[in-house]
Amino acid sequence: MRWLQYWNQGFPIPQLGQAAFPSINQILPAHIRKWQNGMLSCGLSPVSLYRVNQRFSVLLNYAVKYYKLPSNPCRIAGSIGSARSASVSFWTYDEFKKFIAAVDKKPAHIGFSLLYWTGMRVGELFALTASDFDFESGTVSISKSFQRLNKTDIISTPKTEKSNRVIQVPEAVMKEVQENISLLYDYQSGDRLFPYSLLYLHKNMTLYSAIAGVKRIRIHDLRHSHASLLIEKDIPILLISKRLGHSNIRITLDVYGHLYPTREGEMIGKLNNLIAQDGV
């Protein structure tokens, strides 16, 4: 199993001894901490460490649901690494407009549009079903996440409790989703609307970025692009944090705080104008 490969990378069986190696339903937070310490010596980047830890946590969520693991020990042990690199890449709105205008494959067009206009995660996009959309209220409910591990499709709960959320979607995007659903042949309730792989999005991102003449960013950077757009439009940081499904506002500020310096300058300018106007 893939979880065993992750486990062995930082916590090799010879180091433990076969008798000491726990089965997946007996893993404790102490085992996780030892594994994490082993991972820290593997030479991986902080972002890679974070992603491996998160994926292992997803697998343990699966074990909680199906293999009688009492609780997820990764949540108790905490994370390692860093959720982001030193800098955040994103598209401006003009860059996204050029890109999306070039995308002529319908599934890719809808997928990229949802990622950009809602800020949802890729796993959340891939887990969506038709019932998640409320076309009367113009919302989409995020309540699950998709991962493909060891050739197995896994639908799990989102990363955090606050990842369960309802997102308002622009009317044009909702209309595109609704039209696409109406054209689906033999669609069964509960089927994923985007039964594609991450590779599918990667290939199309590379192809259409080149056609549009914009820089190539990562798929996850569409989420950053959405956040930067909201910041540019003066949306309060608390609303941005809730929309992105961050567990707390500090995460949002840690990731996007560097986009706010110009806003502070604008704030001081408004205060100076107020003082000058009232002669204080």
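Rounded to the nearest 10 square angstrom, His109 shows an accessible area of 50 square angstrom against a 1.4 Å probe. In summary, the lysines within cross-link reach of Lys97, defined as a Cα separation below 26 angstrom excluding same-chain residues under 8 places away, comprise Lys105, Lys106, Lys175, Lys203, Lys215, Lys233, Lys242. Across the accessible surface of the chain, with the other protein chains kept in place and a 1.4 Å probe, carbon and sulfur atoms take up 55 percent. In degrees, nearest 10, range 0 to 90: what is the angle between the Cα axis of helix 93-102 and the longest Cα principal axis of the chain? Rounded to the nearest ten degrees, it is 70.
Each Lys and Arg adds +1 at its Cβ and each Asp and Glu adds -1 at its Cβ; summed about the Cα centre, the chain shows a dipole of about 1140 debye. Placing unit charges on the Cβ atoms of the charged side chains and taking the dipole of region 184-237 about its Cα centre, the candidate lying farthest along the positive direction among Leu222, Thr206, Tyr196 is Thr206. Modelled this way, with points 7 Å down the Cα-to-C-beta line, the labels at Lys105 and Ser141 are 3.1 nm from one another. Loop-resident trypsin sites (Lys or Arg not before Pro) (DSSP state other than H, G, I, E or B) in region 79-156 with no more than 11 further Cβ atoms inside 10 Å of their Cβ: Lys151.
For region 114-262, how big is the tail of P(r) above 23 Å, as a whole percent of Cα pairs? Across region 114-262, Cα pairs with separations above 23 Å total 41 percent. Normalising by residue count, region 182-262 has a Cα convex hull of 173 Å³ per residue.
Cα centroid separation, region 26-42 to region 111-158: 30 Å.
Applied to region 230-246, the Karplus parametrisation 6.51 cos²θ - 1.76 cosθ + 1.60 on θ = phi - 60° returns per-residue 3J(HN,Hα) values of 5, 5, 4, 8, 6, 6, x, 4, 5, 5, 5, 4, 5, 5, 7, x, 6 Hz, with x for Gly and Pro.
Normalised by residue count, the chain yields a Cα convex hull volume of 175 Å³ per residue. Couplings 3J(HN,Hα) for region 29-34, derived from phi with the Karplus relation 6.51 cos²θ - 1.76 cosθ + 1.60 (θ = phi - 60°), are x, 5, 5, 4, 4, 5 Hz, where x marks Gly and Pro.
The values are calculated or read from the model by the stated rules, or taken from the named source; none is laboratory data. Source: prediction; values computed, not measured. Counting neighbours? That spans all protein chains shown, and the Cβs are built from the backbone with ideal geometry, glycine included. Calculation scope for accessible area: heavy atoms of the full protein, side chains included, ligands and nucleic acids excluded. Shrake-Rupley method; radii C 1.70, N 1.55, O 1.52, S 1.80 Å.
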